[in-house]
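Just below is one structure, and these are the notes that go with it.
The values are calculated or read from the model by the stated rules, or taken from the named source; none is laboratory data. Predicted model, so just to flag it, every value in this text is computed and none were measured. Please note: Cβ atoms are built from the backbone with ideal geometry, for glycine as well, and neighbour counts cover all protein chains shown. SASA here: full protein model, heavy atoms, side chains in, ligands and nucleic acids out. Shrake-Rupley method; radii C 1.70, N 1.55, O 1.52, S 1.80 Å.
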Amino acid sequence: MKIWIYIDGAQKGPFGEDEILAMNIEPSTPVWFEGMPKWLPAGEVPEMAALLRGETPSGEAATPAVESPAEPSADAPAEAEATVVEEVIVEKVVEKPVSKYAPGRRAPRRSELPDEPCPPTYLGWSVFLTVCCCSPVSLASLAASIFVTSYYNSGKLEKSRKASEIAAWLIMIAIALGFMPVMLMSVFTGN
């Protein structure tokens, strides 16, 4: 026999007799199985009362899995309530996904990324110049290099290209400014 129960504000099942025995349900728990006109407390149903005492009803063979009634009857308000409760819970889970990103933002789906590859970031050059020179221009090139990937991942391909171009120019300027003292020293020292 397949049994449905109404517990924790939701309709659950079908369960077999062995599962019901293992669950240790209360006599006041509403139950339903095929052949019952409506949901009733387990203690009021003779078959269920025997199960609650740990006995299996004699002479009953297991019946095939049966679906619960498609439409709740007027006598079964608990069943209708259970269906509504389940639908509300599902909607809330779908509406509020858990995200590891900042509130109000989400990671782009792979399908939302532009079709062409990410423009060059020049991140290696920017880090090298920042460590060696530590000039404001090399710091700006590092920031522009980081923005290239950030803009690309948010689907802003044009801004990503512009940030890549700015990073390249800032790197060239930082290199030139780094060599300028060496050139000036060589001019004034005569070497």
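State whether one or more residues within the range 156-167 are within 24 Å of VAL131 (Cα to Cα), at pLDDT 85 or above, small (Gly, Ala, Ser) and exposed (fewer than 13 other Cβ atoms within 10 Å of the Cβ). Scanning the range 156-167 turns up no residue that is within 24 Å of VAL131 (Cα to Cα), at pLDDT 85 or above, small (Gly, Ala, Ser) and exposed (fewer than 13 other Cβ atoms within 10 Å of the Cβ).
Scan the range 26-56 residue by residue and report those that are open to solvent by less than 80 Å² (accessible area, probe 1.4 Å) and assigned to a helix (DSSP H, G or I). Scanning the range 26-56 gives ALA42, GLY43, GLU47, MET48, ALA49, ALA50, LEU51, LEU52. One residue stands out among those in the range 171-186 that are touching a residue at least 40 places away in the same chain (Cβ under 8 Å) and open to solvent by less than 60 Å² (accessible area, probe 1.4 Å): the one that is farthest from the chain's Cα centre (by Cα), which is GLY178. Of all the residues in the range 117-144, those that are open to solvent by 50 Å² or more (accessible area, probe 1.4 Å), modelled with pLDDT of 80 or more and over 27 Å from the mean Cα position of the chain (by Cα) number 11. Close Cβ contacts (under 7 Å, 6 or more residues apart or on different chains) running from residues in the range 137-153 that are within 10 Å of THR121 (Cβ to Cβ) and of a type in the set (Ser, Thr, Tyr) to residues that are open to solvent by less than 40 Å² (accessible area, probe 1.4 Å) and part of a helix (DSSP H, G or I) comprise SER145/SER126; SER145/ALA167; TYR152/SER160. THR189 passes every criterion in (1) surrounded by fewer than 16 Cβ atoms within 10 Å (Cβ to Cβ); (2) touching a residue at least 24 places away in the same chain (Cβ under 8 Å) apart from (2).
Once the range 145-155 is narrowed to residues that are more than 19 Å from VAL131 (Cα to Cα) and buried (at least 23 other Cβ atoms within 10 Å of the Cβ), the residue that is farthest from the chain's Cα centre (by Cα) is VAL148.
Restricting to the range 12-25, name every residue that is open to solvent by less than 30 Å² (accessible area, probe 1.4 Å) and of a type outside the set (A, V, I, L, M, F, W, C). GLY16, the sole residue that qualifies.
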